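For reference, the structure is listed below as structure tokens.
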Amino acid sequence: GGLLTAECYSFYPTKNLGGCGEGGAVTTNDPEIADKVRILRAHGMRETYKHETIGYNMRLDEIQCCILRLKLQKLAAWTKRRQEIAKIYDAAFQGVAGLRIPLVKNYGNHIYHQYALLADKREALQKYLKDNGIGTAVHYPIPLNLQAAFADLNLPAGSFPVAESIAQKIFSIPVYPELTDAEVSYVIEKVREGAQL
């Protein structure tokens, strides 16, 4: 942590640093926020059986910590491999009609939890990839303004045209660090073929 006042991390099993179950962490350099998080994670208690507020049972157990501590030692190498794969994908997909690669700003350092493409014909491309043994996923297919949970904000379709357009085109292809070079080449071949359908 350290970039913001408070930062939240997910250790969901599919994350770059994932545990074997649900879990997460909050980092902060603000003592008030740290105190509030500690109270909330322990049923709203500072002292046992003295509830100051309504809280939760959200303490990361020791087994998860042990697993994460071991995996943390490999995180830099895993990140490097994800970045290598993404660089190969970027070069292979640059200029392919109907596809857009991720935009990475020069001030950023992308760790590629996902490698997300925008495809004009997403459904057809996803089907082609599935038929060829390549898994894909659409993360967040519905923009927040179109979710029932935010209906009271009265932000109908068209309120966020960029987000809504991206939600119709975005999908992710494999980028996990265990991919072999041959598998990366196969994904590239099939994405390029499928994009031309």
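The values are calculated or read from the model by the stated rules, or taken from the named source; none is laboratory data. If you're wondering where the values come from, they're calculated on a predicted model, not measured in any experiment. Cβ coordinates were reconstructed from backbone atoms using ideal geometry, including for glycine residues, and neighbour counts include every protein chain displayed. We work out accessible area using only protein heavy atoms, side chains counted, and drop any ligands, DNA or RNA first. Shrake-Rupley method; radii C 1.70, N 1.55, O 1.52, S 1.80 Å.
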Residue in segment 39-61 that is over 30 Å from PRO174 (Cα atoms), among the β-branched types (Val, Ile, Thr), open to solvent by less than 50 Å² (accessible area, probe 1.4 Å) and touching a residue at least 12 places away in the same chain (Cβ under 8 Å) present: yes
Number of positions in segment 130-145 that are open to solvent by less than 80 Å² (accessible area, probe 1.4 Å) and either more than 28 Å from VAL191 (Cβ to Cβ) or under 21 Å from the mean Cα position of the chain (by Cα) (or both): 9
Residue that is farthest from TYR140 (Cα to Cα) [pool: residues in segment 115-128 that are of a type outside the set (A, V, I, L, M) and buried (at least 17 other Cβ atoms within 10 Å of the Cβ)]: TYR128
Strands (runs of 3 or more DSSP E) contained in segment 1-56 and holding at least 2 residues aliphatic (A, V, I, L, M): 24-28
Segment 131-155 residues that are under 21 Å from TYR115 (Cα atoms), paired with ones that are part of a loop (DSSP other than H, G, I, E, B) and not basic (Lys, Arg) (beta carbon under 6 Å, 6 or more apart): PRO143/PHE160
Candidates LEU155, LEU179, LEU197, filtered to the one that is of a type outside the set (Asp, Glu), open to solvent by 70 Å² or more (accessible area, probe 1.4 Å) and in a loop (DSSP other than H, G, I, E, B): LEU197
So ARG192, is it open to solvent by 80 Å² or more (accessible area, probe 1.4 Å) and either touching a Pro at 6+ places or on another chain (Cβ under 9 Å) or in contact (Cβ under 8 Å) with a residue 12 or more places away in the chain (or both): yes
Contacts under 7 angstrom Cβ, first residue in segment 113-127 being in the same structural domain as PRO174 (by the TED database), partner surrounded by fewer than 19 Cβ atoms within 10 Å (Cβ to Cβ) and assigned to a strand (DSSP E or B), 6 or more apart: GLN114/SER172; TYR115/SER172; ALA116/SER172; LEU117/ARG100; LEU118/ARG100
Meets criteria (modelled with pLDDT of 95 or more, surrounded by fewer than 12 Cβ atoms within 10 Å (Cβ to Cβ) and either of a type outside the set (Ser, Thr, Tyr) or within 27 Å of HIS113 (Cβ to Cβ) (or both)) for LEU3: no
